[in-house]
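Asker: Encoded as structure tokens, here's the structure I'll be asking about.
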Amino acid sequence: MKVVVTGGAGFIGSALVRYLIGETDFAVINLDKLTYAADLASLDEASCHPRYRFEQTDICDSAALDRLFARHRPDAVMHLAAESHVDRSIDGPAAFIQSNIVGTYTLLEAVRRYWMALEGRRRAAFRFHHVSTDEVYGTLGAAGKFTEETPYQPNSPYSASKAAADHLARAWNKTYGLPVVISNCTNNYGPRQFPEKLIPLTILNAVAGERLPIYGTGENVRDWLHVEDHAEALHLILRHGRIGEKYNVSGDCERSNIAVVRQICAILDELLPNSPHRPHEHLIHFVTDRPGHDERYAMDATKLRRELGWAPRHTFEIGLRQTVRWYLKNPNWTNRIRTERYRGERLGLGERPHADMAFPVA
């Protein structure tokens with residue numbers, strides 16, 4: 001099978017590309033615009049493989065997409081390309097509307113043109129897998145979980161743009177018959193994650209002895225999923241998911257933001273016994289919450305487990321420790337990113353000026 005992966009130089013996309021090249025016989029065409037969070041270095045182990053190709057292409061460029069599909073003749077498209085950071089969407093929503101909504105529309109139309117020209121078994125076997133987030137569902141209280149039937153209630157520009165993209169993908173299936181399957185995942189973590197996110201940013205700041213700002217009380221809860229487990233789930237959904245259906249992907253691992261940060265601090269205390277910043281938990285600093293901060297996410301992945309037999313392989317304790325070790329062992333990767341693209345400044349202030357220097361949380 002030959003598959004186009006959009007956003008394949010991003011965090012989840014690169015993990016998916018590495019999985020498909022390493023664990024399947026797929027040929028992979030990585031379509032990525034290479035925006036600020038993309039990193040081709042995350043694909044070093046796949047870049048020289050004979051079944052891998054890279055195409056620097058914008059999903060908003062209709063003509064370029066037509067040329068790419070005509071040249072590579074894929075059997076499937078896995079759509080991960082997106083602006084994906086809530087705090088950045090608060091400061092600059094236009095890029096999220098353009099990439100996540102206009103880009104998804106443009107890609108769906110290019111795929112529809114290509115798919116309609118296919119014949120016979122190739123047309124019947126074609127799949128478009130749209131990859132999305134739990135944030136489209138809004139926020140939960142203390143109990144319950146999101147299911148595939150939960151109504152959409154997005155609360156940030158990012159989640160609203162992803163909700164719109166989900167609806168477009170569903171509509172192209174219902175209206176035009178395009179063979180679409182949709183998945184929504186919980187918060188991902190693991191090696192090579194861009195350091196504006198909670199876990200890598202906490203690791204890097206703690207190692208440097210910098211403050212670990214936490215929004216509000218830190219009691220906002222997220223359901224954590226190791227990115228390698230997610231990649232495996234995406235492959236299963238593409239191959240065996242039912243057309244027109246949605247699948248939630250969850251690590252079934254709820255943790256408050258403050259609990260995650262404290263766990264990272266404890267791991268660093270153990271792994272860095274000579275650090276002058278021990279105990280690292282003393283670096284925690286609570287700051288004003290971000291606008292529209294969702295209280296709790298949790299996903300019910302029963303459908304995925306029941307129909308496709310998937311289950312996460314990583315416990316959060318083991319996966320987090322492995323992630324911390326990776327960042328400690330790869331300072332060149334993190335130093336390059338922080339020097340060239342993101343220095344740790346607070347994002348997500350919107351129109352409201354604020355004196356606190358803080359960093360994004362999940």
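Asker: How would the range 134-177 be classified by its alpha-carbon gyration tensor: rounded, prolate or oblate, with rounded meaning a/c under 1.5 and the a/b versus b/c comparison settling the rest?
Answerer: Judged from the Cα gyration tensor, the range 134-177 comes out oblate (a/c at least 1.5, b/c at or above a/b).
Asker: What does the C-alpha gyration tensor say about the overall shape of the range 177-306? Classify as rounded when a/c is under 1.5, otherwise prolate if a/b is larger than b/c, or oblate.
Answerer: Prolate, because a/c is 1.5 or more and a/b exceeds b/c.
Asker: Another question, then. Taking the chain as the reference, fit the longest principal axis to its C-alpha atoms, fit the long axis of helix 227-240 to the helix C-alpha atoms, and give the angle between the two in degrees, 0 to 90, nearest 10.
Answerer: That works out to roughly 20 degrees.
Asker: Related question: Measure nothing but the geometry: give the 0 to 90° angle between the long axis through the Cα atoms of 331-340 and the longest principal axis through the Cα atoms of the chain, rounded to 10°.
Answerer: The angle comes out near 80 degrees.
Asker: Based on the mean of other Cβ atoms within 10 Å per residue, sort peptides 197-204, 108-115, 33-40, 140-147 so the most packed one is first.
Answerer: With the highest mean Cβ count within 10 Å placed first, the list reads 197-204, 108-115, 33-40, 140-147.
Asker: For every helix of n ≥ 4 consecutive DSSP H residues, a contribution of -39,500 (n - 2.57) applies; sum these over the chain, divide by its total residues, and give [θ] at 222 nm rounded to the nearest 500 deg cm²/dmol.
Answerer: Taking each H run of at least 4 residues, the total per residue is -12500 deg cm²/dmol.
Asker: What angle, in degrees between 0 and 90 and rounded to the nearest 10, separates the Cα long axis of helix 11-23 from the longest principal axis of the Cα atoms of the chain?
Answerer: 60 degrees
Asker: Straight-line reach from Lys33: which aspartates and glutamates have Cα under 13 Å away, leaving out those fewer than 8 places along the same chain?
Answerer: Of all the aspartates and glutamates, those that pass the test against Lys33 - Cα under 13 Å, at least 8 places apart if same chain - are Glu55, Asp58, Asp61, Glu83.
Asker: State the percent of C-alpha pairs, over all pairs in the range 214-275, separated by a distance greater than 15 angstrom.
Answerer: Considering the range 214-275, 66 percent of its Cα-Cα pairs are separated by more than 15 Å.
Asker: According to the square roots a ≥ b ≥ c of the eigenvalues of the Cα gyration tensor, what is the shape class of the range 75-185, taking rounded for a/c under 1.5, prolate for a/b larger than b/c otherwise, and oblate for the remainder?
Answerer: oblate
Asker: Still on this structure, I have one more. Could you tell me the extents of the chain's C-alpha atoms along the three principal axes, largest first, rounded to whole Å?
Answerer: 65, 43, 40 Å, listed from the longest principal axis down.
Asker: Still on this structure: What percent does the relative contact order of the range 176-316 come to when contacts are Cα pairs within less than 8 Å and at least six residues apart?
Answerer: After rounding, I find 37 percent.
Asker: I'd like the distance separating the alpha-carbon centroids of the range 153-199 and the range 1-53, in whole Å.
Answerer: The range 153-199 and the range 1-53 have Cα centres spaced 19 Å from each other.
Every read-out reported here was derived from the displayed coordinates using simple, explicitly stated rules and does not represent laboratory data. The structure displayed is predicted, hence computed values, not measured ones. Glycine gets a Cβ as well: all are built from the backbone with ideal geometry, and neighbour counts include every protein chain shown.
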